[in-house]
Amino acid sequence: MPEIILIAAVAANRAIGKDNQLLWSIPEDMAHFKALTAGHAVLMGRKTWESLPARFRPLPGRRNIVISRQADYSAPGAELANSLASGIALAESAEKLFIIGGADIYAQAMALADRLEITEIALNPEADAWFPVIGDEWRVSEKKTPSASGETGFAFVSYTRD
Ligand SMILES: NC(=O)c1ccc[n+]([C@@H]2O[C@H](COP(=O)([O-])OP(=O)(O)OC[C@H]3O[C@@H](n4cnc5c(N)ncnc54)[C@H](OP(=O)(O)O)[C@@H]3O)[C@@H](O)[C@H]2O)c1
């Protein structure tokens, strides 16, 4: 089984998206996401797949796994599965599987995760998609606060289980 890692950019109020889009554009966070996930498998919900700009779909240099309950759904360039368990099973031989959202998938996958890679974003935006509460079983194992080139403050926080 691969190591299962949830990776998300999460506002102070746990917001992660609105109208099937992200709520910010932070180049350092995009670079961080790319560096961590490069060469590994990524699994996402159908809505997050559809939210990716066409030029990044599939995310290059990574195995893209999309889950949908629609039997006839098509996601060119990605592998499709009809449940979270079967999506994870597709990555059985991978070293690492990154669960990359969205809200629905994070809520279901949190219990299965070995590690969380959270970019904490210092904003409290209006949203319609939220990251789950990070429970007491999780411990911060590393926190980096790079200097932001833009106005929005952020920190890269890794969590492992107790
Ligand atoms: N800030 C971040 O790091 C981050 C990361 C990713 C996404 N986001 C944001 O999150 C939002 C999208 O999240 P969301 O919760 O609306 O959608 P989502 O989690 O991306 O996708 C939900 C869809 O996944 C499929 N699905 C869910 N559970 C399933 C299961 N157990 N088996 C099979 N298929 C399953 C269903 O597709 P069907 O309806 O086709 O059956 C469902 O409608 C957007 O705003 C996006 O920008 C933010």
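The values are calculated or read from the model by the stated rules, or taken from the named source; none is laboratory data. All figures in this text were calculated on a predicted structure; none of them were measured in a lab. Counting neighbours? That spans all protein chains shown, and the Cβs are built from the backbone with ideal geometry, glycine included. These area figures cover heavy atoms from the full protein model, side chains too; ligands, DNA and RNA do not enter into them. Shrake-Rupley method; radii C 1.70, N 1.55, O 1.52, S 1.80 Å.
If I ask for residues that are open to solvent by less than 40 Å² (accessible area, probe 1.4 Å) and either within 11 Å of the ligand (Cβ to nearest atom) or farther than 19 Å from residue 17 by Cβ (or both), which ones from the range 114-126 would you list?
Scanning the range 114-126 gives 117, 118, 119, 121, 125.
Test residue 129 against the criterion of being of a type in the set (A, V, I, L, M) and open to solvent by 30 Å² or more (accessible area, probe 1.4 Å), and give yes or no.
No, not satisfied.
Among the listed residues 133, 140, which satisfies the condition of being away from the ligand (no atom under 12 Å from the Cβ), in the same structural domain as residue 2 (by TED's automatic domain parsing), closer than 24 Å to residue 19 by Cβ and under 18 Å from the mean Cα position of the chain (by Cα)?
133
Find the residue count for the range 86-102, including only residues that are open to solvent by 30 Å² or more (accessible area, probe 1.4 Å) and either farther than 15 Å from residue 64 by Cα or not small (Gly, Ala, Ser) (or both).
So the answer is 4.
Just for the range 103-113: of the residues that are open to solvent by 20 Å² or more (accessible area, probe 1.4 Å) and not aliphatic (A, V, I, L, M), which one is nearest to the ligand (Cβ to nearest atom)?
104
Which one of these is part of a loop (DSSP other than H, G, I, E, B) and either among the aliphatic types (A, V, I, L, M) or in the same structural domain as residue 128 (by TED's automatic domain parsing) (or both): 89, 71?
Step by step, each of 89, 71 is checked, and only 71 is part of a loop (DSSP other than H, G, I, E, B) and either among the aliphatic types (A, V, I, L, M) or in the same structural domain as residue 128 (by TED's automatic domain parsing) (or both).
Please verify whether residue 45 is within 14 Å of the ligand (Cβ to nearest atom), in contact (Cβ under 8 Å) with a residue 40 or more places away in the chain, farther than 26 Å from residue 12 by Cβ and not acidic (Asp, Glu), treating the condition exactly as stated.
No; evaluated as a whole, the condition is false for this residue.
Quick one: in the range 13-27, of everything that is farther than 18 Å from residue 105 by Cβ and out of contact with any strand residue (DSSP E or B) (no Cβ under 7 Å at 6 or more places or on another chain), which residue is least open to solvent (accessible area, probe 1.4 Å)?
13
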